[in-house]
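The values are calculated or read from the model by the stated rules, or taken from the named source; none is laboratory data. These numbers were taken from a predicted model, which means no experiment stands behind them. Heads up, the Cβs are rebuilt from the backbone with ideal geometry, glycines too, and the neighbour counts pull from every protein chain shown. Each accessible area value is taken on the protein alone, full model and side chains, heavy atoms only, with ligands, DNA and RNA left out. Shrake-Rupley method; radii C 1.70, N 1.55, O 1.52, S 1.80 Å.
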Amino acid sequence: MLCGLNFWKPSAIMMKKLLLPFCIMLNACVPTTPQEPVSRADMEITGAFVLNPFPVAPPTTLSVSNKDLASDFLDLTFQLETGKALPVFTRFEGPISVAIHGRIPAPLPAELNRLINRLRSEADIDIFQTKSKTANINIHAISRQDIKSTFPTAACFVAPNVTSLREFKRLRKTEVTSWSRQTTRSLVSIFLPSDAAPQEIRDCLHEEFAQSLAPLNDMYRLPNSVFNDDNIHTILTTFDTTVLKIAYAPELRSGMTRQEVAARLPSLLSRLNPRGDQIPARNAVPTSRAWNMAISQALGPGTAAQDRPSAARRAISLAREANYNDHRLGFSYFAMGRVIQHNAPQTALDMFQIAHNIFVNAPKAELYAAHTATQLAAHNIAVGQGEKALLILAPYLDVAYDNENASLLSTLMLLRAEALELTGHASEARKVRLDSLTWARYGFGSENYLRSKLREINALNPLNRKNG
């Protein structure tokens, strides 16, 4: 079992992230002796804390039609994830102060500094960190247990007009914390886990911080955004910082209606994204509530195991009927593979292959394809086809690196190491395995989890099986 490749975290009305393990189950996996992967690679795993190992990347150029961008912006800022329309546009007016409170985990200050620098340089937002007791945006580092006691399935969440978890619990069912009742933003609190893996802390920070600034909706139709319930993207993309740049453009202000904002967008977007006037509109088909519900029932909490396959089949059917000829159709097949892999591993593999083929040909779906590549490569390793595994993995290490997904990158590298072992390149395999550890520590956090991950991936290789 390859668990923890990522977390699929759809958001609910309070933008809470749901903890749902994203696992690969392979019928060919068998246990190895507990110490084998570590001793065989001669690796010394320590408890040293790892800060973000990714270099600060320069901003990339956005390539999107302004017609699509206008439509996406309006739906992101004038609708909640429940489908409820918001009466007016809201944002912070004036400089935005940010403060950290609580038991601050080691990676959080540096991650916040990186994020603020991106928001200032890429989104032109006047934002700064303060040591004051209160600020416009207050980040509260609390235990996962405290978050769980508030939202049992949440990893983190954001709420308006409160300064503490206690205050939120007292006011959570009142108009004070209702996003639909806001006319401007002046005070927001983000609640993050202080005891999670470094990457999970960063991922929570990026999504909840972005939603505290402007967009309150998540949309499956977006292939390159954190504002998407499939949680494939884990840090702000160029699309996301562009959405925030639009939100804080001088042409807009809090209290404007959807019609007023829509009237300002054509000239605003021509100024901010002049290339977008020449790019043909994609006109992605809106995602139906029925498909949303089917995916949630297939992968989300609260659905009995025997009911998940029928929900996934319904998602595939709805996606095909609606002509979702993009990442959403691929994700429907991925969901099917995910929920049937225990009982029908060969059929699940077929579903992953179909999903992968769709992702490869869909626009801006490279990161989706990286996830299905882990499934396909793991199978090839398990059946001794190292060369095929190397071919499948080759394009996606750079994809995971460019998207700063350390847990995915380390998994791809560990799979590559096993494929290299199979093809007789033991010394190169050892180097790749050693190099993966920095990314794994950042992505997974726990040394015990990392050891388990090494054992599980090592167990795929038929050369390492106890009885092989």
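Contact map, the range 125-144: first residue more than 23 Å from Leu244 (Cα to Cα), second residue open to solvent by 60 Å² or more (accessible area, probe 1.4 Å) and among the aliphatic types (A, V, I, L, M), Cβ cut-off under 7 Å, separation 6 or more or different chains; pairs are Ala141/Ile104.
Whenever a residue of the range 229-252 is closer than 23 Å to Gly83 by Cβ and open to solvent by 10 Å² or more (accessible area, probe 1.4 Å), its partners that are in a loop (DSSP other than H, G, I, E, B) and among the hydrophobic types (A, V, I, L, M, F, W, C), lying with C-beta atoms within less than 6 angstrom and at least six residues away or across chains, give the pairs His233/Val226. Total residues in the range 227-262 satisfying the condition of being in a helix (DSSP H, G or I), among the β-branched types (Val, Ile, Thr) and in contact with a Ser or Thr (Cβ under 7 Å, 6 or more places away or on another chain): the figure is 1. Among the residues of the range 266-299, those identified as over 30 Å from Ala311 (Cα atoms), open to solvent by less than 60 Å² (accessible area, probe 1.4 Å) and in a helix (DSSP H, G or I) are Leu268, Leu269, Ser270, Leu272, Gly276.
Could you grab me the full set of residues in the range 388-406 that are under 25 Å from Glu200 (Cα atoms) and either polar (S, T, N, Q) or open to solvent by 60 Å² or more (accessible area, probe 1.4 Å) (or both)? Spell out how you get there, then give the answer.
Restricting attention to the range 388-406, the residues satisfying the condition of being under 25 Å from Glu200 (Cα atoms) are 393, 395-406.
Answer for the range 388-406, where residues must be under 25 Å from Glu200 (Cα atoms) and either polar (S, T, N, Q) or open to solvent by 60 Å² or more (accessible area, probe 1.4 Å) (or both): Pro395, Asp398, Tyr401, Asp402, Asn403, Asn405.
Among the residues making up the range 407-429, those that are of a type outside the set (A, V, I, L, M, F, W, C), open to solvent by 20 Å² or more (accessible area, probe 1.4 Å) and either in contact with a helix residue (DSSP H, G or I) (Cβ under 6 Å, 6 or more places away or on another chain) or in a loop (DSSP other than H, G, I, E, B) (or both) are Arg416, Glu421, Thr423, Gly424, His425, Glu428.
Candidates in the range 194-226 are the residues that are of a type in the set (A, V, I, L, M, F, W, C) and assigned to a loop (DSSP other than H, G, I, E, B); of these, the one that is surrounded by the fewest Cβ atoms within 10 Å (Cβ to Cβ) is Met219. Restricting attention to the range 418-457, the residues being touching a residue at least 40 places away in the same chain (Cβ under 8 Å) and farther than 25 Å from Ala196 by Cα number 5. Close Cβ contacts (under 8 Å, 6 or more residues apart or on different chains) running from residues in the range 99-118 that are in contact (Cβ under 8 Å) with a residue 40 or more places away in the chain and under 15 Å from Ile137 (Cβ atoms) to residues that are surrounded by fewer than 17 Cβ atoms within 10 Å (Cβ to Cβ) and among the β-branched types (Val, Ile, Thr) comprise Ala99/Thr130; Ala99/Thr134. If you filter the range 82-131 down to residues that are aliphatic (A, V, I, L, M) and within 21 Å of the chain's Cα centre (by Cα), you find that the one that is farthest from Phe54 (Cα to Cα) is Ala123. Looking at Val98, Val176, just one residue is touching a strand residue (DSSP E or B) at 6+ places or on another chain (Cβ under 9 Å), buried (at least 20 other Cβ atoms within 10 Å of the Cβ), at pLDDT 95 or above and β-branched (Val, Ile, Thr), and that residue is Val98.
From the list Leu434, Leu454, Leu463, which one is at pLDDT 90 or above, of a type outside the set (S, T, N, Q) and either assigned to a helix (DSSP H, G or I) or under 20 Å from His371 (Cα atoms) (or both)? When all the criteria are applied, what remains is Leu434. One residue is enough: does the range 138-147 have a residue meeting the conditions open to solvent by 50 Å² or more (accessible area, probe 1.4 Å), more than 30 Å from His327 (Cα to Cα), charged (D, E, K, R) and in contact with a helix residue (DSSP H, G or I) (Cβ under 9 Å, 6 or more places away or on another chain)? Yes: the range 138-147 contains one or more residues that are open to solvent by 50 Å² or more (accessible area, probe 1.4 Å), more than 30 Å from His327 (Cα to Cα), charged (D, E, K, R) and in contact with a helix residue (DSSP H, G or I) (Cβ under 9 Å, 6 or more places away or on another chain).
Any residue at all in the range 56-67 that's within 22 Å of Arg185 (Cβ to Cβ), open to solvent by 50 Å² or more (accessible area, probe 1.4 Å) and of a type in the set (S, T, N, Q)? Give the derivation first.
Step one: list which residues in the range 56-67 are within 22 Å of Arg185 (Cβ to Cβ), which gives none.
Checked the range 56-67: no residue is within 22 Å of Arg185 (Cβ to Cβ), open to solvent by 50 Å² or more (accessible area, probe 1.4 Å) and of a type in the set (S, T, N, Q).
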